[in-house]
Amino acid sequence: MKKEFDIENLIRKNVRGLKPYSSARDEYVSDGSPMVFLDANENPFENGVNRYPDPQQRSLKQELANKEGLERGNILLGNGSDEVLDLIFRAFCEPSVDNVITLPPTYGMYAVLANINDVENREVWLTEDFEPDVDKILDAADSKSKILFLCSPNNPTGNSFSRKSIVKLLENFRGLVVIDEAYVDFSTTESWISHLQRFPNLIVTQTLSKAYGMAGIRLGICWASSDIIAILNKIKPPYNVNELTQQKALERVRDTASVNSEVSRILRGRERLVKALKSIPFVVYVHPSDANFVLAKVDNADRRYNQILKAGVVVRNRTTQPLCTDTLRFTVGTEAENEKLIEVLKSLQ
């Protein structure tokens with residue numbers, strides 16, 4: 001890591017001097033002893049959710065930390081990954097001054113959050129084989145480039161980026177490098193979480209929405225150095241992860257057997273879907289995937305999308321995205337759903 005990296009120089013001035021809000025449950029942390037709680041203006045009648053949730057989600061963080069061999073201080077939890085990403089913008093990017101770099105085609109929320117936070121988004125397209133163009137990325141960066149977003153495995157392309165390229169970016173980009181690993185559980189590549197100590201500018205985001213099947217509870221995970229997490233904790237809402245979400249997440253994270261079984265079924269389904277897509281006459285090319293979806297180039301994406309929709313199956317038309325002309329994205333479903341999709345594709349003229 002280059003010596004000039006200094007987290008203090010990246011923090012927004014107003015955030016650096018901010019005194020965070022202290023909630024009732026920040027000031028008193030229960031040790032399990034029977035107490036009468038008259039500090040938070042709650043409804044006293046017990047119904048399971050009448051008390052405020054743990055603002056630091058300690059039990060859930062400890063479970064996640066144990067799983068990865070890290071500390072609770074390396075974790076921030078958010079109301080979905082989108083809240084986590086927004087907090088990163090608000091902590092480090094000065095509106096109308098700083099910029100971020102994104103690599104289209106990629107997850108569209110990075111650009112949306114840049115616009116919301118009034119931060120310039122410098123786009124450096126991926127190469128034709130959907131890899132980061134390292135030299136162009138570094139050329140596009142300047143002293144006001146605060147964040148580089150890498151989605152790996154990438155959405156909508158499905159591929160994992162070259163580890164050599166990512167290392168070069170981590171070593172040479174002067175700002176924060178956010179690696180979005182929403183789909184990492186479907187990949188054979190190693191998570192970048194294990195490299196947090198090696199790269200102090202590394203932030204890894206994950207989610208329970210994909211492999212864990214918890215999209216409805218909205219739980220995003222941010223892994224970073226304790227210094228970065230402490231900064232994000234200063235600006236997060238006090239009770240941003242509700243009690244029901246914490247309970248369901250903890251239950252699911254502990255149920256590793258079910259999660260592993262479902263991931264295995266999805267991977268088998270992906271293999272079956274790729275094989276079937278390659279046999280469809282109007283499918284031009286099937287891109288390799290490390291995710292729970294497959295991107296395929298077809299003869300006419302608009303026409304095929306509408307045909308598939310009329311047959312009762314909803315897929316995603318990605319033809320408007322850079323480098324994705326005439327592509328459709330197929331999420332891997334259950335065995336029955338996959339067979340329905342394949343049956344529909346084979347029937348189209």
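At a glance:
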quantity	calculated
Only listed residue being within 26 Å of Asp180 (Cβ to Cβ), more than 17 Å from the chain's Cα centre (by Cα), open to solvent by 70 Å² or more (accessible area, probe 1.4 Å) and free of Cβ contacts under 8 Å to residues at least 24 places away in the same chain, chosen from Asn9, Asn43	Asn9
Residue satisfying all of: in the range 129-149; farther than 26 Å from Tyr285 by Cα and touching a residue at least 40 places away in the same chain (Cβ under 8 Å); surrounded by the fewest Cβ atoms within 10 Å (Cβ to Cβ) among these	Asp142
Spans of strands (runs of 3 or more DSSP E) in the range 198-311 with at least 1 residues open to solvent by 40 Å² or more (accessible area, probe 1.4 Å) and in contact with a His (Cβ under 6 Å, 6 or more places away or on another chain)	none
Residue list for the range 110-128, restricted to those being part of a loop (DSSP other than H, G, I, E, B) and without any contact (Cβ under 8 Å) to a residue 24 or more places away in the chain	Asp118, Val124, Thr127
Selection from the range 161-185 of residues that are surrounded by fewer than 21 Cβ atoms within 10 Å (Cβ to Cβ), in contact (Cβ under 8 Å) with a residue 40 or more places away in the chain and of a type in the set (D, E, K, R)	Glu171, Arg174
Selection within the range 73-100 - open to solvent by 50 Å² or more (accessible area, probe 1.4 Å), at negative phi and more than 19 Å from the chain's Cα centre (by Cα)	Glu94, Val97
Residues of the range 329-349 satisfying the condition of being in a loop (DSSP other than H, G, I, E, B), open to solvent by 30 Å² or more (accessible area, probe 1.4 Å) and within 19 Å of Glu271 (Cβ to Cβ)	Thr334
Residue match in the range 280-291 (condition: aliphatic (A, V, I, L, M) and within 21 Å of the chain's Cα centre (by Cα))	yes
Filter result for Asp326 (of a type in the set (Asp, Glu), in contact with a strand residue (DSSP E or B) (Cβ under 8 Å, 6 or more places away or on another chain), more than 26 Å from Glu181 (Cβ to Cβ) and buried (at least 17 other Cβ atoms within 10 Å of the Cβ))	yes
Residue tally, condition more than 13 Å from Gly78 (Cα to Cα) and among the acidic types (Asp, Glu), over the range 242-257	2
Selection from the range 46-67 of residues that are touching a helix residue (DSSP H, G or I) at 6+ places or on another chain (Cβ under 6 Å), closer than 21 Å to Pro20 by Cβ and touching a residue at least 40 places away in the same chain (Cβ under 8 Å)	Tyr52, Pro53, Pro55, Gln57, Leu60
Failed criterion for Val314 (all others in (1) part of a loop (DSSP other than H, G, I, E, B); (2) under 30 Å from Cys222 (Cβ atoms) hold)	(2)
The range 32-64: number of residues that are outside any loop (DSSP other than H, G, I, E, B), over 17 Å from Tyr239 (Cβ atoms) and among the hydroxyl-bearing types (Ser, Thr, Tyr)	0
Criterion violated by Ser264 - all others in (1) touching a residue at least 12 places away in the same chain (Cβ under 8 Å); (2) under 19 Å from Asp185 (Cβ atoms) satisfied	(1)
Condition met for Lys67 (farther than 30 Å from Arg122 by Cα, part of a loop (DSSP other than H, G, I, E, B) and open to solvent by 20 Å² or more (accessible area, probe 1.4 Å))	no
The range 12-29, subset open to solvent by 90 Å² or more (accessible area, probe 1.4 Å) and free of Cβ contacts under 8 Å to residues at least 60 places away in the same chain, residue nearest to Ile231 (Cα to Cα)	Arg16
Candidate set from the range 16-56 (those that are aromatic (Phe, Trp, Tyr) and touching a Pro at 6+ places or on another chain (Cβ under 9 Å)); member that is farthest from Arg72 (Cα to Cα)	Phe37
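The values are calculated or read from the model by the stated rules, or taken from the named source; none is laboratory data. Keep in mind it's a predicted model, so treat the numbers as computed, not measured. Glycine gets a Cβ as well: all are built from the backbone with ideal geometry, and neighbour counts include every protein chain shown. Note: areas computed on protein heavy atoms with side chains; ligands, DNA, RNA excluded. Shrake-Rupley method; radii C 1.70, N 1.55, O 1.52, S 1.80 Å.
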